[in-house]
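Asks: Please see the structure below; I have some questions.
The values are calculated or read from the model by the stated rules, or taken from the named source; none is laboratory data. Since this is a predicted model, take the numbers as computed values, not measurements. Don't worry about glycine lacking a Cβ; one is built from the backbone with ideal geometry, like all the others, and counts go over all protein chains shown. Quick note on the areas: whole protein, heavy atoms, side chains included, nothing else; ligands and nucleic acids left out. Shrake-Rupley method; radii C 1.70, N 1.55, O 1.52, S 1.80 Å.
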Amino acid sequence: MIPLPKGAVAVDDVPPLPQGAVLQPETAYDRFLTSLRNPQTGGRSGVFGPALVGGTGELIKGAGALTQMAFPDAGTRMVEVGEALTAGAKSVNPVSATVGQVGSYLAPFSAAQKTATAIGNIPQVARAVGQIPSFARATGQQAAIGGALGYGLTPDQQNREQAALFGTVTGGATPTIEKGIRSAANFLRGTAPSQGTMQAAAQGQEAGYVIPPTQVNPSLLNRIIEGTAGKLTTAQNASFKNQQITNQLVAKSLGLPEDTVVTPEVLNNLRTTAGKAYENLGVTGTIKTSPKFNKALDEISVYKDAKQAEKDFPTGKISPIVEVIDSLRSPVFDVRSAMSKINVLRNDADMAFKAGDTGLFKANKEAGKILENTIENYLANTKQTDLLNEFRNARQLIAKTYSVGKALNPATGTVNAAKLAEQLKAGKPLSGELKQVGEFSSAFPTATKTTETMGSLPQISPLDVGGALIAGGGTYLSGSGAETPVTLATLLARPALRSVALSRPIQSRLTNQQMQNVSPETRNLARMLMLQGATKYGASKEEQ
């Protein structure tokens, strides 16, 4: 038995020292390491402290492993310090400390990535690796980074080789893993809609429109809800709700109460009232026409066609179209007479339209616009601002009645939002609520179908009835006695999900979560792009 040093006390159950071993007194360095392993050093409480200390210890350990390759003793001491810090952190909160350890590798990994990128940007290197397929290049780069970090940050030669092999394999697999994670995330999240779509959805919801959830936020949950409820039926239910909003917005745009049923008679009364407003403005004066006025008349397309046809195919009588346009060629005219003439042209246009004479309809309509533009310029040049504003308001109201009339079903009073969208895309200068309806229908055509085109909307289909009978029958055979509630629940499940999909809580979440991170500048840009697309479409239609 080895004699104990003077003052030492024997302790039971302590294994004997190996032969030849000698007890060494504790050094200051030993006490330093012991203090680092102390739980108090590893973070007194909570989660953040152990994570920070564990990460710091792992960084020191990695730095020591690198130092070992040049200065073995110094590197070993650094490794011991790092391991002591990590041990102290784990004694307080093992999970947080481990998270800190893993997180500490972000710093060297990021540095290695930047270094690899910088090397890859060297012209000679870029030319050499440029022929390698991108995926293979990324795999090789990540494998090299993983192997280098595994070798350099691991103490001891044997462990280094194993870590280098592990790092090479896992690093090389990183691009594949990342691709799989992105694919899974995209599957769960769905394809993100464009900013223009989000802008249209947000504005539509402000007006009261509802949207099938997958058209704005195609997340897995929304796809399950809408798929189970029935995608087609959900869109039809949305269209039914949206038709009421469209009718209300159209009535509002015409200055009518929102519950007004718009009919051809209502539109005619508005035109008559606005036409009388022209005469009651009290505008007086004489307008001298300019060459621009006559040129505008010459540029009316149906007039040009009629004049060209008369050159080689004379009929012996003047075309009604030519007669209408040439009747306006006066060097001077009284403003009141011009306003009366506008009313005549408008009425003649209505009669030509009802008679199916589209050429004469366009001639009267375009001639009226040219007279209106001339009067508007006169009021602006003579500084009659108040009269100019009243004239423009009356003119705009009349234009709105024609836009609504083209989209109106005269038998039902239903306004077809899709037809307003067509006018907007064709370059028609819609404004206010009519423009809002057109933009929403352009973005969500399946949610703005008219009730006439959809027909009946039965909320319970043969599929629901068949599923309810099967579920109820199975429950009855099981003997549980719950066949009635199971049958009813199955029968009403899909209609209930359709109501959920179009409910206020679900609808409000569609745009709020995605638009709250979008800056006002981006929203304005999205709106500009959406309008630009509509303008280009309209220009192409006119060229055709």
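Asks: Considering only residues of region 442-469 that are touching a residue at least 40 places away in the same chain (Cβ under 8 Å), under 18 Å from PRO212 (Cα atoms) and in a helix (DSSP H, G or I), which is most open to solvent (accessible area, probe 1.4 Å)?
Replies: Checked region 442-469; the qualifying residue most open to solvent (accessible area, probe 1.4 Å) is THR446.
Asks: Would you check which residues across region 329-370 are among the basic types (Lys, Arg) and either outside any loop (DSSP other than H, G, I, E, B) or modelled with pLDDT under 90 (or both) and list them?
Replies: Within region 329-370, ARG336, LYS341, ARG346, LYS354, LYS362, LYS365, LYS369 meet the criteria.
Asks: So if I check each of LEU491, LEU477, which one is open to solvent by 50 Å² or more (accessible area, probe 1.4 Å) and part of a helix (DSSP H, G or I)?
Replies: LEU477
Asks: Moving on to the next point. Quick check on my filter: what residues within region 45-82 are on the phi > 0 side of the Ramachandran plot and of a type in the set (A, V, I, L, M)?
Replies: none
Asks: I want to confirm something. Restricting to region 413-438 and keeping residues that are over 20 Å from THR260 (Cβ atoms) and in contact (Cβ under 8 Å) with a residue 40 or more places away in the chain, which single residue is surrounded by the most Cβ atoms within 10 Å (Cβ to Cβ)?
Replies: For region 413-438, the residue satisfying everything is LEU424.
Asks: Looking at region 283-334, which of its residues are open to solvent by less than 70 Å² (accessible area, probe 1.4 Å) and of a type in the set (Phe, Trp, Tyr)?
Replies: PHE293, TYR303, PHE333, listed by residue number.
Asks: If LYS383 passes every condition in (1) of a type in the set (D, E, K, R); (2) assigned to a helix (DSSP H, G or I); (3) open to solvent by 50 Å² or more (accessible area, probe 1.4 Å) but one, which one does it miss?
Replies: Here LYS383 meets the rest and fails (2).
Asks: Going through region 201-233 one residue at a time, which ones are part of a helix (DSSP H, G or I), at pLDDT below 85 and small (Gly, Ala, Ser)?
Replies: GLY227, ALA229
Asks: Further, regarding this structure: Looking at region 259-279, which of its residues are among the charged types (D, E, K, R), surrounded by 13 or more Cβ atoms within 10 Å (Cβ to Cβ) and within 43 Å of the chain's Cα centre (by Cα)?
Replies: Listed by number, the list holds a single entry, ARG271.
Asks: Picking from SER239, SER253, which residue would you name as being touching a Leu at 6+ places or on another chain (Cβ under 7 Å) and not acidic (Asp, Glu)?
Replies: Of the residues listed, the single one that is touching a Leu at 6+ places or on another chain (Cβ under 7 Å) and not acidic (Asp, Glu) is SER253.
Asks: Could I ask something else about it? Considering region 119-155 alone, what residues qualify as being assigned to a helix (DSSP H, G or I), surrounded by fewer than 20 Cβ atoms within 10 Å (Cβ to Cβ) and not hydrophobic (A, V, I, L, M, F, W, C)?
Replies: Within region 119-155, GLY120, PRO123, GLN124, ARG127, SER134, ARG137, THR139, GLY140, GLY152 qualify.
Asks: Still on this structure, please answer the following. Contact list please: Cβ distance under 8 Å, first residue in region 45-70 and surrounded by 22 or more Cβ atoms within 10 Å (Cβ to Cβ), second residue basic (Lys, Arg), pairs at least six apart or on different chains.
Replies: PRO50/LYS90; GLY54/LYS90; GLY64/ARG77; ALA65/ARG160
Asks: When residues of region 331-343 are filtered for being in contact with a helix residue (DSSP H, G or I) (Cβ under 9 Å, 6 or more places away or on another chain) and under 16 Å from LEU297 (Cβ atoms), how many remain?
Replies: The total comes to 4.
Asks: Could you grab the pairs with beta carbons closer than 7 Å, sequence gap of 6+ or different chains, first residue in region 471-497 and at negative phi, second one open to solvent by less than 50 Å² (accessible area, probe 1.4 Å) and not in a helix (DSSP H, G or I)?
Replies: Every condition considered, the pairs that remain are THR475/ALA482; ARG494/GLY230.
Asks: Criterion first (closer than 30 Å to ILE224 by Cα and either in contact with a strand residue (DSSP E or B) (Cβ under 6 Å, 6 or more places away or on another chain) or of a type in the set (Lys, Arg) (or both)) does LYS179 satisfy it?
Replies: In short, yes.
Asks: Which of (1) assigned to a helix (DSSP H, G or I); (2) aliphatic (A, V, I, L, M); (3) at pLDDT below 90 is the odd one out, the single condition ILE318 does not satisfy?
Replies: (1)
Asks: Oh, and also: Kindly list the number of the only condition in (1) more than 19 Å from ARG392 (Cα to Cα); (2) of a type outside the set (D, E, K, R); (3) out of contact with any helix residue (DSSP H, G or I) (no Cβ under 6 Å at 6 or more places or on another chain) that fails for ALA349.
Replies: (3)
Asks: Please give the number of the condition GLN236 fails out of (1) more than 20 Å from LYS449 (Cβ to Cβ); (2) among the polar types (S, T, N, Q); (3) not in a loop (DSSP other than H, G, I, E, B).
Replies: (1)
Asks: Something else: Out of GLU366, GLU372, GLU376, GLU390, which single residue is open to solvent by less than 30 Å² (accessible area, probe 1.4 Å) and within 30 Å of THR286 (Cβ to Cβ)?
Replies: The unique qualifying residue is GLU372.
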